Amino acid sequence: MNPTNDSEPCRLERLRPLPLPPGHGLASHTFDLGAHEQRRLAAVLAATPDLDPGAVLAAEAAAHRMLYSGLDAEQQATYRMLVDAGVLDA
């Protein structure tokens, strides 16, 4: 078994870094995903000045209503079962 993983096989294995000896000479690197996501979102919004997020969400909601309208009783029951199980959004 990998010494960096948890010792209990029934649990999900989570990697833990091995301790490094003092004076190992290796650099530690980190990457701030939050800042990266903010830069990515700013670039997307700058590239699409005509984007209307409200209109996009309204169109998605309308498409969702159209997709699940007109279902027969068996399809309605299946749809309700999937919503209750958390597979589909209501």
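The values are calculated or read from the model by the stated rules, or taken from the named source; none is laboratory data. Note that this is a predicted model, so its numbers are computed, not measured. Backbone-built Cβ (ideal geometry, glycine too); neighbour counts: all protein chains shown.
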Condition test on Ala59, is it modelled with pLDDT of 95 or more and part of a helix (DSSP H, G or I)?
yes
Taking only pairs six or more apart or across chains, which ones have beta-carbon atoms under 9 Å, a first residue in the stretch 63-89 that is outside any helix (DSSP H, G or I), and a second residue that is among the aromatic types (Phe, Trp, Tyr)?
Tyr68/Tyr79; Leu71/Tyr79; Leu88/Tyr68; Leu88/Tyr79
Quick one: would you say Ala35 is out of contact with any Asp or Glu (no Cβ under 9 Å at 6 or more places or on another chain), assigned to a helix (DSSP H, G or I), surrounded by fewer than 10 Cβ atoms within 10 Å (Cβ to Cβ) and not β-branched (Val, Ile, Thr)?
yes
